[in-house]
2 protein chains.
Amino acid sequence: MEPIRVAVLGAGGLGQAARRLIGLKQELRLVAICDSQGFAASTEGLSCEHVDFSIPCDEPLKAVAEWEGAIDAVLVTLPNMPNEFIPTVIEQFVRRRPQVVLVDVLKRTAAVSQMLRLDPLMKETQSVALTGCGATPGLLTAAAVLAAQSFIRVERVDIWWGVGIANWAAHKATIREDIAHMPGYSVERAKTMTEQDVAALLEKTGGVMELHHMEHADDILLERAGVVDSQDQVEVGGVMDTRHSNKPVSTTMTLTGITLEGKRSSHRFILGDETTMAANVIGPALGYLKRGCWLKARGLFGVFGCTDVLPMVVR
Amino acid sequence: MEPIRVAVLGAGGLGQAARRLIGLKQELRLVAICDSQGFAASTEGLSCEHVDFSIPCDEPLKAVAEWEGAIDAVLVTLPNMPNEFIPTVIEQFVRRRPQVVLVDVLKRTAAVSQMLRLDPLMKETQSVALTGCGATPGLLTAAAVLAAQSFIRVERVDIWWGVGIANWAAHKATIREDIAHMPGYSVERAKTMTEQDVAALLEKTGGVMELHHMEHADDILLERAGVVDSQDQVEVGGVMDTRHSNKPVSTTMTLTGITLEGKRSSHRFILGDETTMAANVIGPALGYLKRGCWLKARGLFGVFGCTDVLPMVVR
């Protein structure tokens, strides 16, 4: 079987992890990658060890979309600030280059909602978009859909994540997106913060951020899948340590519901503490990317959430 | 949307749980059910509280297949002894009545292998079969496919289940199938045991059975999905208490693998102790049944394992 020819948009911490992981997979070939400064592309496949962004250009995203080589699938690991940035990038990409599979690892409800509205465009362009396909939403949200199967009614889904990053500089964009979830902060405010501002904020808390009631798209994706009746039943929060690579808490999805026999119980999905945020985001994203190619090959176009390619919830 | 018209083959413990659960779902309508003695059917829908097997017949399975009313999907909850019984029932059913969705909750590797070989027949009859769609294989196997996404190599999948049943008489067939996994026993020997034999066996162990190295189809389904290279990497065992409804151990799927950074780690999926075996088997089976109808409506015919409608594993 020919490998899937993948383009990666974004060369930050997640983009670099994607590049390394794609390099280990015989079923995938990295053919294009871009950052804000330029892009690299090769029909033969790029080195996944070292990328030379040898083609500087003003509009790297446009350049990838207009590149003459074949691209089967696109993984989007750009920072998503403002909220509409990635949905807009994906919309522009597919208009320039139809018949493609696009996967994002978006986190915010507002951003995923905007992606879901691209369904007619994806169908029109014979494309497939998979949205919210990282860790949360993504892996943990999918686990909630599985867990829901045992219950006649789901009361709550609680996602509590732990992330430990020894060098926060490598994941600037991710940390900035999380700062945007803190009380008193917004996507706009986080975006305008200088690196000194971020460092000063982290200094106050010893490098640790604890976040509650995060606006995460797990809510809309689980409502859409029929796991919950209302987005309020989904709660996402977590603890990020920006100075130590050990996770401050174990990342856990807990789904609580009522059984056929009328009892309350909880299923849990717990990630191993040694697995990194990058592995738990990019691994699932590539699994969804392959499923997206499967859907496209069968003529099933449109936008799918991470919860839409699983056993279904029966109402 | 019109409800999915469901037939349930088998009216033992699992068949009864299926009937109760279907009764709670507005998206499903129970139109036919049979046991070894007779069958009941109604295009308007049967009562899910009490079924009167008012139509006695020699061949209830054939009678359901030849019933004149419409059936969209069939859930098979018959005891599977011998190993080829359910695959044969499904084969005969679809030959008599093509264009249908069939879901089984088979456990043994030999039985699921036989189901997978029906793929050409299912395609030919424009049907969809979903195999191994109970708890294990099923819910826990699907969780293993999700868990695998975070790792570059999976070393082991360990499934350790706990089942507590206060009255074993209601789940005779399930217990008999588990006895068949005990050292020195076989499907044939378990089938020929009288109820007194089973009671005597359970008496010796205080009603508790601990099983290791069970021949469970989680192995073939995870190999097929690319989660493991070899079926030996999958281990299924558990403890059944036939005298108390409390689970003797928490049912847990543990997947151990190597991360992108070269570390060994384990993700775990743990079922709530208050959820019963019946809920963890029949709930997922109905979720797969709905997905099967989705596949069939899109012209995607064939046999799918419980691991085949999820994010894919990239090799």
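The values are calculated or read from the model by the stated rules, or taken from the named source; none is laboratory data. This structure is a prediction, so every number in the text was calculated from the model and none was measured. For neighbour counting, all protein chains shown are included, and Cβ atoms are generated from backbone atoms with ideal geometry for every residue, glycine included. These area figures cover heavy atoms from the full protein model, side chains too; ligands, DNA and RNA do not enter into them. Shrake-Rupley method; radii C 1.70, N 1.55, O 1.52, S 1.80 Å.
Describe numerically, in nm with one decimal, the distance between label points set 7 Å from Cα along Cα→Cβ at residue B:44 and at residue A:191.
Result for the modelled spin labels: 6.1 nm.
Give me the accessible area buried between chains B and A, both sides summed, with a 1.4 Å probe, in Å² rounded to the nearest 100.
Accessible area lost upon association: around 5000 Å².
Give, in nm to one decimal, the length gained when the segment between residue A:243 and residue A:273 is fully stretched (0.36 nm per residue of separation minus the Cα-Cα distance).
Net length gain for the segment: 9.2 nm.
Let me spell out the model: positive unit charges on the Cβ of Lys and Arg, negative unit charges on the Cβ of Asp and Glu, origin at the Cα centre of segment A:139-276. What dipole size does that give, in debye rounded to 20?
Rounded to the nearest 20 debye, it is 180 debye.
Can you give the mean number of other chain Cβ atoms that lie within 10 Å of the Cβ atoms in peptide A:146-158?
5
Can you pull the mean other chain C-beta count within 10 Å for peptide B:275-283?
6
Considering only DSSP states other than H, G, I, E and B, which GluC sites (Glu not before Pro) in segment A:60-116 qualify as loop sites with at most 12 other Cβ atoms within 10 Å?
A:68
If you average the C-alpha positions of segment A:77-153 and of segment A:9-60 separately, how far apart do those two centres end up, in angstrom?
Here the answer is 21 Å between Cα centres.
To the nearest 20 debye, what charge dipole does chain B have about its Cα centre, counting +1 at the Cβ of each Lys and Arg and -1 at the Cβ of each Asp and Glu?
620
Copy-to-copy spacing for residue B:258, label 7 Å out on the Cα-to-C-beta vector, in nm, shortest first?
Shortest to longest, the spacings are 4.9 nm.
Among the trypsin sites (Lys or Arg not before Pro) in segment B:170-214, which ones are in a DSSP loop with at most 11 other Cβ atoms within 10 Å of the Cβ? Mind listing them?
Sparse-neighbourhood loop trypsin sites (Lys or Arg not before Pro): none present.
Which helices of chain A meet both criteria: a Cα extent of 24 Å or more along the helical axis and a mean Kyte-Doolittle score no lower than 0.0, with helices taken as whole DSSP H segments?
For chain A, where a helix must reach 24 Å along its axis and average at least 0.0, the hits are A:277-297.
In segment B:101-141, what trypsin sites (Lys or Arg not before Pro) fall in a loop by DSSP, with at most 14 other Cβ atoms inside 10 Å?
Here the sparse-neighbourhood loop sites are B:117.
At 1.306 mPa s and 10 °C, plugging the Kirkwood radius over alpha-carbon pairs of segment B:139-276 into Stokes-Einstein gives what diffusion coefficient in µm²/s?
For the chosen part, D equals 99 µm²/s.
Once you list every other residue whose beta carbon is under 12 Å from the beta carbon of residue B:96, what net charge do they have if Lys and Arg are +1 and Asp and Glu are -1?
After counting each charged neighbour, the total is 0.
Label-to-label distances across copies for residue B:62, with labels 7 Å out along Cα→Cβ, in nm, shortest first?
Output for residue B:62: 7.2 nm, nearest copy listed first.
Please give the charge dipole size of the protein assembly as shown, origin at the Cα centre, charges +1 on K and R Cβ atoms and -1 on D and E Cβ atoms. Round to the nearest 20 debye.
Computed about the Cα centre, the dipole is about 440 debye.
What are the distances, in nm and sorted shortest first, from the label point of residue B:95 to the label points of the same position in each other copy, with each label point placed 7 Å from Cα along the Cα-to-Cβ direction?
The projected label point of residue B:95 is separated from its counterparts by 5.7 nm.
Let me know the mean shielding of A:290-298 by other chains, meaning the per-residue number of their Cβ atoms within 10 Å of its Cβ.
3
Per residue of chain B, what 222 nm ellipticity follows from adding -39500 (n - 2.57) for every DSSP H run with n ≥ 4, rounded to the nearest 500?
Roughly -9500 deg cm²/dmol at 222 nm, from the helical runs in chain B.
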